[in-house]
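Quick note: the coordinates plus some simple rules give every number you see, no bench work behind them. Since we're looking at a predicted model, the values are computed, not measured. Cβ placement follows ideal geometry from the backbone for every residue including glycine, while neighbour counts extend to all protein chains displayed.
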Amino acid sequence: MRTSVSALISIIALSFSACGGGKTEEATEPVDLSTLPAIIDPATVTVSQAVIDQGKRVYTRSCLACHMADGRGMPGMQPSLIGSEKLAGDPYVLIDWVLRGSDALGGAPSKWPVRMLPHDHLSNQQVAAVVSYTRNAFGDGASGVSPEMVSLVRGE
């Protein structure tokens, strides 16, 4: 089946709008994770299959356009999540990244031309679910996160 040019343009436009379309707004300072009032050890977080399933649904709505269904990203535009050190690394940094998008870089340049938009409109449960899902699916089975961890990063 052939894809029409207009359908292809629509797909590209959707991808750009979902991930920021290369906007270059001034970044704000990242959250200083050392100032969190408490740290919840991610090794103590238990994540159910229902949470992983919810995370996959959130990923499909909010992340798939740029990072693709298989997590491989868009070469030259958005990074692959497969084997990502950031994805498998400190979950508090990843939560900040999801909430603040590219602004979590604190003004540091990104090698990726398409800016990741903040997903701060998602609830703490949705952020915890999507981070847990991506860490499980693409981050070599890294630990999940809890809504309470998201709340700490939000400063609630």
Exercise for the section: Would you kindly state how much longer the chain becomes between Asp53 and Ser123 on full extension, computed as 0.36 nm times their sequence separation minus their alpha carbon distance, in nm to one decimal? Expected result: 23.6 nm
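What's the ranking of 45-53, 61-69 by average number of surrounding C-beta atoms within 10 Å, highest first? Present the calculation step by step, with values, prior to reporting the outcome.
On the way: 45-53: 13.4, 61-69: 18.0.
Ranking, from highest mean packing down: 61-69, 45-53.
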Handout entry: Formal net charge of residues neighbouring Val145 (Cβ-Cβ distance under 12 Å; K, R +1; D, E -1)
Key = -3
Fill in the blank from the handout: So, for the Cα atoms of region 63-156, Rg and Dmax in Å stand at 12.5, 36
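Can you tell me the equivalent ellipsoid semi-axes for region 117-156? Use √(5λ) from the Cα gyration tensor, largest first, whole Å.
Working: eigenvalues 68, 25, 11 Å².
Working through the eigenvalues yields semi-axes of 18, 11, 7 Å.
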Handout entry: FRET efficiency for Ala38 and Asp70, using Cβ-Cβ distance with R0 set to 35 Å, rounded to 0.05
Key = 0.45
